[in-house]
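The structure appears below as structure tokens.
The values are calculated or read from the model by the stated rules, or taken from the named source; none is laboratory data. Everything numeric here is computed off the predicted structure, so don't read it as measured data. Every residue, glycine among them, receives a Cβ derived from its backbone with ideal geometry; neighbour counts consider all protein chains shown. Accessible surface areas use protein heavy atoms only, side chains included; no ligands, DNA or RNA. Shrake-Rupley method; radii C 1.70, N 1.55, O 1.52, S 1.80 Å.
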Amino acid sequence: HRFLVKCLLNRYSSRNLFYVDMELDRLSHAYFNKYSDGVHPSIESSFISSLSTIGYIYDRMDDGDIMFSCSDHGFCTSSRTFNINSMLKSLGYLVLDDGKVNYEESKAWGVGGVSGRVYLNMSGRDEGGILGVHEYNKVLNRIISYIRSVMGSGRFSFRDRLLERSSEPDLIFYCPDFRVISGLSDSRIVSENRSTNHHVDNGYYFMIRKGSGVYGINENISYLDVVPSILGNLDGYEEYAKYYEGETII
């Protein structure tokens with residue numbers, strides 16, 4: 001994909017280029033903690049290649065053009081996993097039939113990953129839903145209390161449109177000390193000494209206007225700053241930046 005970006009730059013003339021580089025993320029999930037003598041060679045090689053592509057793009061920018069590089073997370077290694085569906089089963093909210101989720105009888109089920117996502121089976125919103133609004137709140141609060149009792153800290157976000165049918169989860173939670181899994185065959189809620197690689201908050205951001213010496217570097221930028229940083233520096237779009245929360249980093 002980096003080769004493709006270079007080909008596109010050589011073939012087409014464009015005032016805007018948007019490019020997503022996923023290779024470092026995929027390699028870090030696989031190899032972040034797999035090399036005892038520093039950074040794994042695959043990650044190091046990919047990082048150098050990524051910087052080379054950034055330099056290639058920068059060399060072809062005109063004076064006054066802006067480059068914005070955004071890494072929305074860093075990486076860490078955790079030795080603990082949290083099984084979201086084992087928790088829901090122990091609370092009596094998840095019902096299994098022959099090792100599969102019974103969606104008609106289950107009050108909730110979950111999906112793991114970097115963050116955990118909980119879906120509640122709400123009456124009047126979800127097909128075959130069984131939770132009324134009052135019980136919905138009771139179940140959700142009990143789930144949150146249990147997660148906090150295990151993880152101790154973390155961040156939670158909730159569904160914006162409670163009654164609207166969509167694929168949006170009812171609860172998303174994240175804690176850097178745990179990798180969230182969702183297997184149905186393991187009854188353990190928390191597993192120790194199970195090394196996994198996953199995201200942390202310390203992403204890296206920089207923004208530079210070529211030829212002007214104006215640049216901004218910030219390791220603690222808020223996600224809210226990303227959109228106004230871009231719009232506030234695009235000709236003809238500056239006025240739209242004021243409608244967003246956050247501030248531009250240059």
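Structural remarks
- Identified option (computed Cα Rg over 2.2 N^0.38 Å; candidates (i) 1.25; (ii) 2.37; (iii) 1.38): (i)
- GNM flexibility winner over the chain from Leu171, Leu131, Leu234 (Cα, springs under 10 Å): Leu234
- Contour minus Cα-Cα distance for Tyr19 and Glu238 (0.36 nm per residue): 76.7 nm
- Tilt relative to the chain, helix 41-59 - C-alpha long axis, 0 to 90 degrees, to 10: 50 degrees
- Fraction of beta bridges assigned by DSSP in the chain that are antiparallel (%, nearest 5): 90 percent
- Average projection, convex hull of the Cα set of the stretch 118-208: 8.9 square nanometres.
- Packing rank of 173-179, 98-104, 151-157, 74-80, where each peptide gets the mean count of other beta carbons within 10 Å, highest leading: 173-179, 74-80, 151-157, 98-104
- 0 to 90° range, to nearest 10: angle between helix 2-11 axis and the chain longest Cα axis: 40 degrees
- Degrees between helix 133-151 axis and first principal axis of the chain (Cα, 0 to 90, nearest 10): 70 degrees
- In order along the stretch 77-92, the Karplus-derived 3J(HN,Hα) couplings, from 6.51 cos²θ - 1.76 cosθ + 1.60 at θ = phi - 60°, round to 10, 10, 9, 10, 10, 10, 8, 5, 6, 5, 4, 5, 5, 5, 7, x Hz, and Gly and Pro are given as x.
- Carbon/sulfur fraction of accessible area - the stretch 107-160, other protein chains in place, 1.4 Å, %: 48 percent
- In the chain, lysine pairs with alpha-carbon atoms under 26 angstrom apart (chain gap of 8 or more, or interchain): 7
- Per-residue ellipticity at 222 nm, computed for the chain from helices alone with -39500 (n - 2.57) per DSSP H run of at least four residues, works out to -8500 deg cm²/dmol.
- Taking amide H positions as modeled 1.01 Å from N, with prolines and chain starts lacking one, the residues under 5 Å from Ile181 and 5 or more places away or on another chain are Phe82, Asn83, Ile84, Gly113.
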